[in-house]
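Below is one structure, written out as structure tokens; comments come after it.
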Ligand code: OGA
Ligand code: FE
């Protein structure tokens, strides 16, 4: 029998409700031939029975408190259920930017105190697994099914593993829609998360913040209250959805938008992801893929910003290029 969230029934009323339709993401055994086909085509799939992080299925709060190490970890604090990521390096030149969350550094024991007495705030630990973790955790890490992921990396010609992020979140926490520039094997360890995904083709419906923004790669649309006057194409957005439970591994393809929420009736959620650099293409084929086009759009924005030295001059220049000339 397949392991993971397939064994649990969900109360359809316990999910946050949004304005768009969604269809389910396929859930397949790791040896099912369609699994490879989907990954090769950069389509999301929940892969069961990988045993990718079985040694971490026991990473509950007590175990992590004992073994994560006594160092300081990165913990985000939010006044709402949303934890919208921002790049601290991009804040410096933007005095008007008010961060939606605070980044705190604390020991795991201090984090546990916050979980027990959150007050009006929410907390989300997001710490890269590094050499400061305790010995037992290193052993668990070495016990991951590296044969499996190394084989996937080779088969799909991905670049190197760049990092593993450990996420420990309160029920109801939300990571709003964004895309990453890496391939991701997302392993759910404890508790339940719902993930909504949108293909890179929907770039125009999700209105990412401009490249210079600390919120680069994040959607500007507030899913709880979409401003359709400002973001009219959000009406066209169609998502894919999945609920992940312990043992499930979700492949989140590079440039796919994703929105992640810890179920409100879940225990504290624990996940670990595996981020890989994308592969390099030997021979460019036309027409270009949507992923290549998103990369081109990012490069054009970066070049223009570098040339103009002023984000405020981007829009008038881009409008002059397009308006009345390249409009559809
Ligand atoms: C990711 C990601 C968010 C979350 O792994 O890329 O966006 O809340 N995770 O799990
Ligand atoms: Fe992400």
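Figure legend. Inter-residue proximity from the stretch 258-272: first residues closer than 23 Å to residue 43 by Cα, second residues part of a strand (DSSP E or B) and away from ligand 1 (no atom under 12 Å from the Cβ), beta-carbon distance below 9 Å, spacing 6+ or different chains. Indicated pairs: 258/198; 259/198; 259/219; 259/239; 271/190. Among the conditions (1) away from ligand 1 (no atom under 16 Å from the Cβ); (2) closer than 16 Å to residue 174 by Cβ, residue 282 misses just one, which is (2). Would you mind stating whether residue 22 is without any contact (Cβ under 8 Å) to a residue 24 or more places away in the chain, surrounded by 15 or more Cβ atoms within 10 Å (Cβ to Cβ), more than 23 Å from residue 129 (Cα to Cα) and under 21 Å from the mean Cα position of the chain (by Cα)? Considered against the rule, which asks whether it is without any contact (Cβ under 8 Å) to a residue 24 or more places away in the chain, surrounded by 15 or more Cβ atoms within 10 Å (Cβ to Cβ), more than 23 Å from residue 129 (Cα to Cα) and under 21 Å from the mean Cα position of the chain (by Cα), residue 22 comes out as no.
From the list 50, 19, 55, 35, the one residue that fits, being farther than 23 Å from residue 251 by Cβ and at pLDDT 95 or above, is 19. Regarding residue 189, is this residue within 14 Å of ligand 2 (Cβ to nearest atom), under 18 Å from the mean Cα position of the chain (by Cα) and over 30 Å from residue 309 (Cα atoms)? No, not satisfied.
The number of residues in the stretch 159-183 being crowded, with 20+ Cβ neighbours inside 10 Å and either away from ligand 2 (no atom under 16 Å from the Cβ) or over 19 Å from the mean Cα position of the chain (by Cα) (or both) comes to 1. Of the strands (runs of 3 or more DSSP E) lying entirely inside the stretch 98-217, those carrying at least 1 residues that are under 15 Å from residue 275 (Cβ atoms) and within 12 Å of ligand 1 (Cβ to nearest atom) are 122-128, 161-163, 165-169, 174-178, 183-190. Filtering the stretch 38-76 to residues that are assigned to a strand (DSSP E or B) and surrounded by fewer than 17 Cβ atoms within 10 Å (Cβ to Cβ) leaves only 74.
The values are calculated or read from the model by the stated rules, or taken from the named source; none is laboratory data. Since we're looking at a predicted model, the values are computed, not measured. Glycine gets a Cβ as well: all are built from the backbone with ideal geometry, and neighbour counts include every protein chain shown.
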